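This report refers to the structure that appears directly beneath it.
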Amino acid sequence: MTPTIIGLRFQKLGKTYHFDASNIEDLRPGDYAVVNTKRGTQVGEVIQFVADPPPPEQGTWKHVERKATPRDLVIRQDLHKRALEATITCRAKASELGFRQIKIVTSEFTFDGKTLAFLYSYEAEDNIDLTRLEREMKKEYPDVRIEMRLVGPRDVAKIIGGLGACGLETRCCSTFLTEFSPISIKMAKEQGLSLTPTEITGMCGRLRCCLIYEYEQYVAARKELPKRNKRVVTPMGEGKVISLVPLKQAVVVLIPEKGRFEFLKHEIEPWDELEALRRKAEAPCERHEGGGCDCGKDKKAKLE
């Protein structure tokens, strides 16, 4: 029997995890379910039913314990409020202890209330010992297991939210991105973007996630166009390609003594290919050793 695999998400825009819901009959997308994870009991939102899931990481799928009840959702909401209070307390304790270089971003309770995790950021190169801070928080929450989890600058921006560098009211990472893709400076170069740090850097201080959105389209479009400095023949004469407009499938050509002009792909011809055809047309006819035939004229006519 094929198991019923669902995708669960524990944060609003968190990663989707797969669980076996074969033992639950009335689950639908938008419902909440109680599951056991490595970090304890959690309540997650059902995002989707997975028709062709990837192989499970540990050999078997973990089962959904049960569908969340209204009481479970009230408890979950109460835990969020308690986590906010814990975050404020931890920030105050960190300040008292002199931890100036760390930022307490947020905190999370597991659904069973047994574990309280503090998410913090720290970008200095040397390691930092937070044992004293953990002890202080243990005094505040003696019946709870305390964890300190380091998160990166992209995660910090996602959690905090706010205005995007491009002017969007809410950053992409806080709106729809569930996972972060690797971003490189090559992506900006392929799209002809300015490499000024302020132009390609997001509010997190890293390269903007949006650099990957159209990257593949630009790469594919560039393959169809001649490269820079390539000689081409245009309706206005021969010239050199000085710039590309990939998504428009056009190039900017510098024509001596005339200036710069933009031409679409179908309006230009590679100079080297036309030159090769011209030389071939002027070559002696191999079928008539003595010459005197009209083969060359026919070739020139076709070329013209």
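Values quoted throughout were computed directly from the atomic coordinates according to the rules given, and no laboratory measurement underlies them. Note that the coordinates shown come from a computational prediction; the quantities given were computed from them, not determined experimentally. Counting neighbours? That spans all protein chains shown, and the Cβs are built from the backbone with ideal geometry, glycine included.
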Given points 7 Å out from each Cα along the Cα-Cβ axis, report the Arg82 to Arg9 separation in nanometres with one decimal. 2.6 nm
What distance in nm separates the simple spin-label points at Glu267 and Gln58, each placed 7 Å from Cα in the Cβ direction? 6.3 nm
All alpha-carbon distances of region 8-119, grouped into 10 Å bins from 0, give the whole-percent distribution 13, 39, 28, 14, 6, 0
Under the definition of Cα pairs under 8 Å and six or more residues apart, what whole-number percent is the relative contact order of the chain? 9 percent
Proximal aspartates and glutamates to Lys265, defined as alpha-carbon separation beneath 14 angstrom and excluding residues fewer than eight positions away on the same chain: Glu224
At 4 °C and 1.567 mPa s, grab the translational diffusion coefficient of region 134-225 from Stokes-Einstein with a Kirkwood Rh over Cα pairs, rounded to a whole number in µm² per second. 83 µm²/s
Across region 75-151, how large is the tail of the calculated P(r) beyond 21 Å, expressed as a percent of all Cα pairs? 21 percent
What is the packing order of peptides 228-234, 176-182, 44-50, taking the mean over residues of other C-beta atoms within 10 Å and listing the highest first? 44-50, 228-234, 176-182
Linear extension gain, Leu247 paired with Asn229, 0.36 nm per residue minus alpha-carbon span: 4.6 nm
Inter-probe distance in nm under a simple model that places probes 7 Å from Cα toward Cβ, at Leu193 and Asp126: 3.5 nm
Could you check which residue among Gln42, Gln77, Gln58 shows the biggest mean-square fluctuation in a GNM of the chain with a 10 Å Cα cutoff? Gln58
Rounded to the nearest 10 degrees, the helix 131-140 long axis (Cα) sits at an angle to the longest Cα principal axis of the chain of 50 degrees
With a Förster distance of 22 angstrom and the Cβ-Cβ distance between Asp112 and Arg66, calculated FRET efficiency to the nearest 0.05 equals 0.95
Over 31 Å between Cα atoms: which of Lys12/Lys248; Lys12/Lys223; Lys158/Lys248; Lys93/Lys158; Lys81/Lys139 fall into that group? Lys12/Lys248; Lys12/Lys223; Lys158/Lys248
Under 20 °C and 1.002 mPa s, how fast does the chain diffuse according to Stokes-Einstein, given a Kirkwood radius computed over C-alpha pairs? Answer in µm²/s, whole number. 85 µm²/s
Compute the label zone of Gln101 within region 117-147: residues whose backbone N is under 15 Å from the point 7 Å along Cα-to-Cβ. 121-131
Summed residue charge, Cβ within 13 Å of Arg28's Cβ, Lys/Arg positive, Asp/Glu negative: -3
Report the calculated FRET efficiency for Val219 and Ala165 (r = Cβ-Cβ distance, R0 = 25 Å), to the nearest 0.05. 0.55
So who's got an amide H within less than 5 Å of the one on Phe111, skipping anything under 5 residues away but keeping other chains? H placed 1.01 Å off N, in plane. Thr41, Gln42, Val43
Once fully extended, how much extra length lies between Lys258 and Ala92, figured as 0.36 nm per residue of separation less the alpha-carbon to alpha-carbon distance? 52.9 nm
